[in-house]
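Before any comments, here is the structure.
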Amino acid sequence: MSAEGAGGGTGDVFERVAGLLRLARTALSQATTVLFQPTVKDEKKMAAVDRALGELWQEAEDLATAGLATGADQNGDIRTVITDMYVGEDVGRMGVLARQVGDIAWARQTKPSLPGPVREAVRGIGEDCLALVGGAQDAVASPAAAPVTDAQLADIGAQHVRLCRVLLSGSASLDVVDAVDVSVLSRCYVESAQRAASVALHMALFRETAPAS
C-alpha cells in the first residue's frame, strides 16, 4: 500500500482492503459450508479453505510487515503506516478464526450432528457474521454503500449471549466436546464480525481524513 495510493485518490488502497475482506469472507464461508455438511467428506472443500487462507495470510503479513518497516522511518507516511498495521492485524486474525472454524468443521465430519436448536443458533450467528463481513467489504469498496452499524454487531453479540446461556444452563444436553465446539465456533464468528467492522471503520476514517486534492 503506497503513500501515493493513500493520498492520491486512486482507490488502490480501498480496492486492496476490500479484496482482503473478500478473501476472509471466502475462507470463512467455505469453512462454514464444511461445518453444515457433516456427511460430505470432501478434501477439496478444505483444500479450498487452505488456498483462501494462504493468500489472505500472505497479504495480511505483507501489510503488517510493511507498516512496521515504514514506521521505523521518520519520513514515513503516517496514514499508510497506521492503515497497514491496523488492517494487517485485523484480517490476519480473521484468517486465524476461519482456520479454527474449518478445523472444527472437519473434525465434526465423523461426529453426530448437533441438536437442532443449537445447530440452528450457530448457523444463524455464522450467517449474520458472513453478511456483516460482506457489508464491510462493500463499505470499504464504495463510499455509497451502507456502513456496518453498531446494531448489526450488537445483534450478533446478543445471539452469542443467548447461546452461551443455553450452554451454561445445560438445557441443550450436549457433552463436553460438543459444548466446547459450539462455544468456540460462536466466538469465532463474533470476533470475525468485530474485526471486519473494525476494518470498515478504519477505512471510513481513512477516507474521511484524506488530504484535499
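Using the charge dipole of the chain (Lys, Arg: +1 at Cβ; Asp, Glu: -1 at Cβ; taken about the Cα centre), state which of Ala196, Gly126, Val87 has its Cα farthest towards the positive end.
Gly126
Please determine, in degrees from 0 to 90 and to the nearest 10, the orientation of helix 176-208 with respect to the longest principal axis defined by the Cα atoms of the chain, where the helix direction is its Cα long axis.
Tilt of helix 176-208: around 20 degrees.
Given R₀ = 35 Å, what would the calculated FRET efficiency be for Ser173 paired with Thr33, taking r from the Cβ atoms and rounding to 0.05?
0.85
Within 14 Å, Cβ to Cβ, of Val184, how many net charges do the neighbouring residues add up to if Lys/Arg are +1 and Asp/Glu are -1?
So the environment of Val184 carries a net charge of -1.
Which of Ala144, Val161, Gly54 sits closest to the plus end of the dipole of the chain, meaning its Cα is farthest towards the positive end, when Lys and Arg get +1 and Asp and Glu get -1 on the C-beta?
Looking along the dipole axis, the top candidate is Val161.
Around Ala144, under 13 Å between beta carbons, what's the net of Lys plus Arg minus Asp minus Glu among the other residues?
Its environment carries a net charge of 0.
Under 8 Å for C-alpha pairs, at least 6 residues apart: give me the relative contact order for the chain, rounded to a whole percent.
Relative contact order here is 28 percent.
Over region 55-213, give the accessible area per residue in Å² for a 1.4 Å probe, as an integer.
On a per-residue basis, region 55-213 sits at 51 Å².
For region 88-126 and region 133-211, compute the distance between their C-alpha centroids and round to whole Å.
If you average the Cα positions of each part, the centres end up 13 Å apart.
How far is helix 116-141 tilted, in degrees, relative to the longest principal axis of the Cα atoms in the chain, given as a value from 0 to 90 rounded to the nearest 10?
10
Can you pull the percent of the chain's accessible area that's carbon plus sulfur, 1.4 Å probe, other chains left in place?
After summing per-atom areas, the C and S share lands at 56 percent.
The values are calculated or read from the model by the stated rules, or taken from the named source; none is laboratory data. None of these values were measured; they are calculated from a predicted model. In this analysis, Cβ positions are derived from the backbone assuming ideal geometry, glycine residues included, and neighbour counts consider all displayed protein chains. SASA here: full protein model, heavy atoms, side chains in, ligands and nucleic acids out. Shrake-Rupley method; radii C 1.70, N 1.55, O 1.52, S 1.80 Å.
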